[in-house]
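Comments concern the structure below.
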Amino acid sequence: MTLLKIGVVEDELVIARTILGTLDELGYSHCGPAISYTEALEMLGDNKPDLLLLDIQLSGKKDGIDVAQKVNELYQIPFIFLTANSDPETIDRAKKVKPHAYIVKPFSKEELFAAIEIAFSNFSENRTGTKPEVTTSWRSRDFIFVKDGYVFRKIFFNEIVYLESDANYVTVHLESEKKVVVRSTINDFIGQVDRQIFVRVHRSYSVNINKIEDIFPTEISVRGFRVPIGKSYKEMLFRILGIGDSL
């Protein structure tokens, strides 16, 4: 698994530094910033980013939409417009180059994270029909953002006690006893968290192994909650925990 590299094209250096800092916080690699059409093409050729964050207004005669046209012709990578302009004329021009997202400044860290993850995932799946192997390095991250109503909420892995699946929804049970319902299969959700600490114990449940308190013949106690153990998962669970099956 390699680190997703984000190219930044932004001519306001204060904003560019803020974006780079945010990318660091989110665990992405990055290159740039490029401040003009020419610098953007040089960065694309030299650094080969996996995704481009692209301001529409740039230094010089050519703008971010011109860069996007060249990206579509030569590089075939997803790009996201970051702009203070939301007027109909700018949006009509932007639509012609088919951006993978369009974010109006100012934007939050959560909005940027969601746009990058969705844009890259959709672009990769549309091209190959499979989920991308190049993604964020989860080893450098101990949290995940999940959509909770209208908010993308940051949840640290060590806050999660266990996951409960119901078809295409996962209920994330937290130590605070709060529950967050996420539209996802349990397999897809586990793929976004640290697999070393979450173990499947039932077709509908996965638990944080650091939260396990007691193991009974057919159940596990995690922070006072009782979670069932599926017969087909028991052997693997005991092997991971390093205990013999005497129950």
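The values are calculated or read from the model by the stated rules, or taken from the named source; none is laboratory data. Everything numeric in this text was worked out from a predicted model, so none of it was measured. Positions of Cβ are generated from backbone atoms using ideal geometry, with glycine treated the same way; all protein chains shown enter the neighbour counts. These accessible areas exclude ligands, DNA and RNA; they are computed on the full protein's heavy atoms, side chains included. Shrake-Rupley method; radii C 1.70, N 1.55, O 1.52, S 1.80 Å.
Taken over the stretch 103-122, the criterion of being open to solvent by 70 Å² or more (accessible area, probe 1.4 Å) and either within 12 Å of residue 78 (Cα to Cα) or in contact with a Cys (Cβ under 6 Å, 6 or more places away or on another chain) (or both) is satisfied by 118, 122.
Does residue 25 satisfy the criteria of being outside any strand (DSSP E or B), without any contact (Cβ under 8 Å) to a residue 12 or more places away in the chain and of a type in the set (D, E, K, R)? Judged against the criteria, residue 25 is not a match. Out of the residues in the stretch 52-91 that are closer than 13 Å to residue 104 by Cβ and in a helix (DSSP H, G or I), state the one that is least open to solvent (accessible area, probe 1.4 Å). Top of the filtered list is 90.
Filtered by the rule that a residue be outside any helix (DSSP H, G or I) and touching a residue at least 60 places away in the same chain (Cβ under 8 Å), the stretch 92-121 gives a lone residue, 105. Could you check, for the stretch 39-51, whether at least one of its residues is at pLDDT 90 or above, open to solvent by less than 60 Å² (accessible area, probe 1.4 Å), at negative phi and in a strand (DSSP E or B)? The answer is yes; a qualifying residue exists.
Annotation note: Cβ proximity below 9 Å between a residue of the stretch 153-165 that is closer than 26 Å to residue 112 by Cα and of a type in the set (Phe, Trp, Tyr) and a residue that is at pLDDT 90 or above and in a strand (DSSP E or B) (sequence gap 6+ or interchain) occurs for 157/198; 157/208.
Here residue 35 fulfils each of the conditions (1) surrounded by 20 or more Cβ atoms within 10 Å (Cβ to Cβ); (2) at pLDDT 90 or above; (3) at negative phi; (4) touching a strand residue (DSSP E or B) at 6+ places or on another chain (Cβ under 6 Å) apart from (1).
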